[in-house]
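Engineer: Here it is, the structure in full.
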Amino acid sequence: MSEGLIPIVLRSLMVSGTATVLAATWSLPIAVKIGTTHFRGKKIVRDFFNAMIGIPTVALGLVLYLLLSREGALGFLNLLYTPSAIMLGQALLITPLMISFLMHAIEEVNPLIKETALTLGASEREANRVVLREAKKGSVLATVAGFNRAISELGIALMVGGNLAGTTRVMTTEISRVVSGGDIELAIQLTIVLLSIAFTSTLILNRLRGSE
Amino acid sequence: MTPILEAHKVWKSFGSIRALRGITLDISENETVSIIGPNGAGKTTLLRILALLERPDKGWVRYRGEKVESGEKHRGEITMVFQNPAFFTGTVADNVGYGLKIRGMDKQTIRRKVREALRAVNLAGFEKRKIKALSGGEKQRVALARALCIEPRVLLLDEPTANLDPPNCERIRRVLKRIKKNITVVIASHHLGLAKTVADRVAYIHQGKLLEIGSPEQIFGKPRHRLTKLFVEGKLV
């Protein structure tokens, strides 16, 4: 069963946008904590997140499928083949990327920025907020890179979304489906839309970076 | 007089480097103490410990009679201006008013206090200037205004005149002379002129040890320790 191009594009934007927001909510505090403190094993933690950036989407998709399937540890949540499952999977997929980019941006900020805020009476939280503000360019980069990675992945959307028309069908799964069915024209249209979204978000990012 | 800030037998190491070796120093309210010593003597480390940014490995710091366990409680009452101050992105007013903003003060009060603080460091009218557009001397004075704006009880200054030309050094010296009556000031500096003319007491530290403390007249006129004498005569850097 096929559905129109626009609902699929809108669903893709909604699913990947939510996944990006979700990933940002836990990536930000983790990156701030790692980026602003010195502890033994910090390099190992940093290397771990860097290595996880390249995790194959099908590998993560498979793990999530096993967890979310009826017999899986999280089967009781009934999330398999729902947009929420894709959101969760994409959020997990882009977490290492976002943490890594954010961590790098935070470490680039002069450490005296945080200490200055502290000596002026800021709490740890307020001082971290100042550091994040100074790392704004890197934060925007992390968000856009995360979103682009989420919207262009296929493995997770296919394995835990199931490519169900009207509910979990997103651009990448639809491209895959229509190519199998021989509808190259629609596949090309969808690919152009996908590329346009990725380029537009990157252009916006460059504009933001250039305006500072 | 009860000291406002005390360091007692403070030790601090960074890896194999012993930065401080059992320093004891009492600072009274509204007193200005200058810490002098050669490069690597431990002046900045001592200041950072007094600013509650670092914890001593051994020994303790007491603020207003209370042993300090965590810096959080007293931050803002004790503030520090670093040798190369860091600035938040934005204008001079954004920076100077930051400490007031996080205290929840209203915009009008912040504007007034920022104006007063900038006037105190001879930078009246600089509110809207971008930090990037300032000279080294102006930046140093903005950092001082930012610290003064929150009306701290203790002001710690790390090399406030380092890298500044003589006119800017003189400007900083004049500002410090003017404000010192109502605030406790601790200055770590190479600039002996600053210690001579601004400080009530001068402490000489060498390789992490406090060798001598006394009035500027005594330290610069009749130093008791051989190394203090060498340092004030410019034979030790």
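Engineer: Kindly state which helices (runs of 4 or more DSSP H) lie completely within the stretch B:127-211 and contain at least 1 residues that are farther than 19 Å from residue B:223 by Cβ and of a type in the set (Gly, Ala, Ser). Explain how you work it out, then say what you get.
Structural biologist: Values: elements: B:136-149, B:166-179, B:192-198.
Correct list: B:136-149.
Engineer: Do we have residue A:177 as more than 23 Å from the chain's Cα centre (by Cα), in contact (Cβ under 8 Å) with a residue 12 or more places away in the chain and either away from chain B (no Cβ under 14 Å) or at negative phi (or both) here?
Structural biologist: yes
Engineer: When you look at residue B:116, is it surrounded by fewer than 20 Cβ atoms within 10 Å (Cβ to Cβ), modelled with pLDDT of 90 or more, under 28 Å from residue B:29 (Cβ atoms) and under 20 Å from the mean Cα position of the chain (by Cα), yes or no?
Structural biologist: no
Engineer: Kindly indicate which of A:15, A:45 is free of Cβ contacts under 8 Å to residues at least 24 places away in the same chain, surrounded by 13 or more Cβ atoms within 10 Å (Cβ to Cβ) and in a helix (DSSP H, G or I).
Structural biologist: A:45
Engineer: Those residues that are crowded, with 21+ Cβ neighbours inside 10 Å, more than 7 Å from chain A (Cβ to nearest Cβ) and either of a type in the set (Ser, Thr, Tyr) or not in a loop (DSSP other than H, G, I, E, B) (or both), I need them from the stretch B:77-91; list them, please.
Structural biologist: B:78, B:81
Engineer: I've got another one for you. Would you call residue B:143 facing chain A (nearest Cβ under 9 Å), more than 21 Å from residue A:125 (Cα to Cα), in contact (Cβ under 8 Å) with a residue 60 or more places away in the chain and crowded, with 23+ Cβ neighbours inside 10 Å?
Structural biologist: yes
Engineer: Please work out if residue A:73 is more than 14 Å from every other protein chain (Cβ to nearest Cβ) and assigned to a helix (DSSP H, G or I).
Structural biologist: So residue A:73 does not fit the description; no.
Engineer: Let me ask something additional. Between a first residue in the stretch B:152-168 that is at pLDDT 85 or above and a second residue that is part of a strand (DSSP E or B) and not polar (S, T, N, Q), which pairs have beta carbons less than 6 Å apart while being 6 or more apart in sequence or on different chains?
Structural biologist: B:154/B:5; B:154/B:78; B:155/B:185; B:156/B:80; B:156/B:186; B:157/B:81; B:157/B:187; B:158/B:188
Engineer: Does at least one position in the stretch A:27-36 carry a residue that is part of a helix (DSSP H, G or I), small (Gly, Ala, Ser), surrounded by fewer than 16 Cβ atoms within 10 Å (Cβ to Cβ) and on the phi < 0 side of the Ramachandran plot? Spell out how you get there, then give the answer.
Structural biologist: Taking the stretch A:27-36 and keeping what is part of a helix (DSSP H, G or I), we get A:27-36.
Keeping just the survivors that are small (Gly, Ala, Ser) gives A:27, A:31, A:35.
Those left that are additionally surrounded by fewer than 16 Cβ atoms within 10 Å (Cβ to Cβ): none.
Scanning the stretch A:27-36, I find no residue that is part of a helix (DSSP H, G or I), small (Gly, Ala, Ser), surrounded by fewer than 16 Cβ atoms within 10 Å (Cβ to Cβ) and on the phi < 0 side of the Ramachandran plot, so the answer is no.
Engineer: Quick test of your reading of the structure: residue A:128 fulfils all but one of (1) more than 14 Å from every other protein chain (Cβ to nearest Cβ); (2) closer than 18 Å to residue A:142 by Cα; (3) of a type outside the set (A, V, I, L, M, F, W, C). Name the failing condition by number.
Structural biologist: Condition not satisfied by residue A:128: (1).
Engineer: Shifting gears a bit: Only residues that are farther than 9 Å from residue B:52 by Cα and of a type in the set (Asp, Glu): list them for the stretch B:70-91, please.
Structural biologist: Selection gives B:77 alone.
Engineer: List the pairs whose first member sits in the stretch B:30-55 and is within 22 Å of residue B:147 (Cα to Cα), whose second member is outside any loop (DSSP other than H, G, I, E, B) and acidic (Asp, Glu), and whose Cβ atoms are under 7 Å apart, counting only residues at least 6 apart or on separate chains?
Structural biologist: Between residues of the stretch B:30-55 that are within 22 Å of residue B:147 (Cα to Cα) and residues that are outside any loop (DSSP other than H, G, I, E, B) and acidic (Asp, Glu), the close pairs are B:44/B:158; B:47/B:158; B:53/A:115.
Engineer: Output the residues belonging to the stretch B:56-76 that are surrounded by 15 or more Cβ atoms within 10 Å (Cβ to Cβ), closer than 24 Å to residue B:102 by Cβ and not small (Gly, Ala, Ser).
Structural biologist: B:61, B:63, B:64, B:68, B:74, B:75, listed by residue number.
Engineer: Go over the candidates B:197, B:184 one by one and state the one that is of a type in the set (S, T, N, Q) and within 15 Å of the chain's Cα centre (by Cα).
Structural biologist: Just a single option satisfies the conditions, and that option is B:184.
The values are calculated or read from the model by the stated rules, or taken from the named source; none is laboratory data. As the structure is a computational prediction, the values presented were derived from the model and not from experiment. A quick note on method: Cβ atoms are made from the backbone with ideal geometry, for glycine too, and the neighbour counts reach across all protein chains shown.
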